[in-house]
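Derivation of every value follows stated rules applied to the coordinates shown; laboratory data play no part. Values in this document were obtained by computation on a predicted structure and should not be read as measured data. We place every Cβ from the backbone using ideal geometry, glycine too, and count neighbours over all the protein chains shown.
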């Protein structure tokens, strides 16, 4: 068994607590579903937000999901590169699996599809 990384990103329309929480749950549910994983298999999740999103912690929304009580979640602020995608939430999910890294399915939703169009199309 190895630890593999799964990337995900999603954008929101506004710096609004409910939008941030809803988008975080939507993205996490998509990552889990397309990869066929359970919270118990997840080592940890690193979450970043762009500096224009400070109305809520995305981890708080994920923590409310069933089975996520003991999964380590950490929020941070993305590097503020000029011209980068705004209002974006990014995930790096570390999962225990027997699959190869090339078998991991990354999820890019909404405006975040522009970050990795090669992966957003589902390969």
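Worth pointing out:
- Backbone N within the range 85-101 under 19 Å of label point (7 Å from residue 2 Cα along the Cβ vector): 92-101
- Rounded to the nearest 0.05, the FRET efficiency derived from the C-beta distance between residue 116 and residue 22 at R0 = 25 Å is 0.70.
- Distance histogram for the range 56-123 (every C-alpha pair counted, 5 angstrom bins, percent rounded to whole numbers): 3, 12, 19, 21, 22, 18, 5, 1
- If R0 equals 22 Å, the separation of the Cβ atoms of residue 64 and residue 84 corresponds to a calculated FRET efficiency of about 0.15.
- Cα-Cα separations in the chain greater than 27 Å, expressed as whole percent: 13
- Rg and Dmax [Cα atoms of the range 24-83; Å; Rg one decimal, Dmax integer]: 12.6, 38
- Over the chain, relative contact order from alpha-carbon pairs under 8 Å, at least 6 apart, %: 43
- Approximate shape of the range 1-59 as ellipsoid semi-axes (Cα gyration tensor, √5λ), whole Å, largest first: 24, 12, 9
- Pairwise FRET efficiency - residue 54 versus residue 34, Cβ, R0 = 30 Å, nearest 0.05: 0.55
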